[in-house]
Amino acid sequence: MAAGCGRGEQRGMRMVGAAFGRSRQDNDVSSSAQYQIRFADEVKKTTSLALREVASFESRIGCGCKKFVKRKVLEKSKHLKDDSFSVRCDIVVFNEFRAEEEEVSGQVNTPVCVSVPPSDLHQYLGDLLRTEKGADVVFEVGAKTFAAHRCVLAIRSPVFSAELFGTMKEGDIAGVVRIDDMEAQVFKALLHFVYTDSLPKGNKQEEGTEEDVMSQHLLVAADRYNLERLKLMCEEKLCRYINVGTVGTILTLAEQHHCHGLKKACFGFLSSPANLKAATATDGFNHLTNSCPSVLKELLAMRT
């Protein structure tokens, strides 16, 4: 911003104007400002600009007072010293965003300067799972048990909703549900995601289970309970673990659970003749051949 003074003609009276403007290279930037222009020697203390009008720079490059003072008045005033005078311009510029409260019951508009913290709801729900406070269902997975809350599970997963409240309702009078086809650490990670929308931290290796294997099991569980975000998170992790030794197993998993992005990543890896030749000699690729013969046809079609 730059300030300056000039003379203007209005109804035969010579006036002195005061204005400020932005540099021409900023003409494409939309901005607004509150300002006050006064003689410098009049200013005893800084005053608030909150009640002053907001001027827009969208259609013009400068703002100010065309009739700041009559020249005759200025020439006789104490402000003119040695044929010069000083002007003070207090300005507050707003770029892109400025929140205001609408005028209500005669109240004036005031700037809103509030910083809203990010949501921490997931932390409270995580504490609810950890403390088991108010839990009304227990899952038996292997030799371990996990207490949970029916309403939380039902809101997050339509499958849990059907199992706990619908015609597929599982569990006995005591609210115990037995799960036989899933490992305990996998179900624990699943519950953590249901409550916090994230995976447990430091889960690279838990109870001897490597992260890529854990991600495979968790993907199957996510597909079973229709947790699409968790399923995509597992897909993204598994894309990093595609190599000659794992591509057969991962591609089988992608085909069986309709993971289109993961399948595309596997096909991209196998588009290399050297990778394809090495992968066909692995047990995982033999499993792919027996389980998903249609995928082999797609691979052959890709090479022709």
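Where residues in the stretch 251-285 are among the aliphatic types (A, V, I, L, M) and under 29 Å from the mean Cα position of the chain (by Cα), which of them is nearest to L299 (Cα to Cα)? Walk me through it before giving the result.
Within the stretch 251-285, the subset among the aliphatic types (A, V, I, L, M) is 251, 253-254, 262, 265, 270, 274, 276, 278-279, 281.
Checking which are under 29 Å from the mean Cα position of the chain (by Cα) leaves us with 254, 262, 265.
On the way: A254: 14, L262: 15, A265: 13 Å.
The selected residue is A265.
Within the stretch 195-212, is even one residue within 29 Å of H122 (Cα to Cα), surrounded by 15 or more Cβ atoms within 10 Å (Cβ to Cβ), of a type in the set (D, E, K, R) and under 24 Å from the mean Cα position of the chain (by Cα)?
Within the stretch 195-212 (the criterion being within 29 Å of H122 (Cα to Cα), surrounded by 15 or more Cβ atoms within 10 Å (Cβ to Cβ), of a type in the set (D, E, K, R) and under 24 Å from the mean Cα position of the chain (by Cα)), the answer is yes, since at least one residue qualifies.
Out of all the residues in the stretch 221-252, which are closer than 29 Å to I155 by Cα and polar (S, T, N, Q)?
N226
Could you go through the stretch 173-181 and let me know if any residue there is outside any strand (DSSP E or B), at pLDDT below 95, assigned by TED's automatic domain parsing to the domain that holds L125 and surrounded by 15 or more Cβ atoms within 10 Å (Cβ to Cβ).
yes
Can you work out which of the residues in the stretch 243-285 that are of a type in the set (S, T, N, Q) and not in a helix (DSSP H, G or I) is nearest to H217 (Cα to Cα)?
T246
Among the listed residues K188, K169, identify the single one that is part of a helix (DSSP H, G or I) and either at pLDDT below 95 or over 25 Å from the mean Cα position of the chain (by Cα) (or both).
Going through K188, K169 in turn, the sole match is K188.
Is there a residue in the stretch 225-242 that is exposed (fewer than 14 other Cβ atoms within 10 Å of the Cβ) and outside any helix (DSSP H, G or I)? Outline the logic, then answer.
In the first step, residues of the stretch 225-242 are kept if they are exposed (fewer than 14 other Cβ atoms within 10 Å of the Cβ); the result is 228-229, 236, 240.
If we keep only those that are outside any helix (DSSP H, G or I) too, we end up with 240.
So far as the stretch 225-242 goes, yes, one or more of its residues are exposed (fewer than 14 other Cβ atoms within 10 Å of the Cβ) and outside any helix (DSSP H, G or I).
The values are calculated or read from the model by the stated rules, or taken from the named source; none is laboratory data. Everything numeric here is computed off the predicted structure, so don't read it as measured data. As a convention, Cβ positions derive from the backbone with ideal geometry for all residues, glycine included, and neighbour counts pool all protein chains shown.
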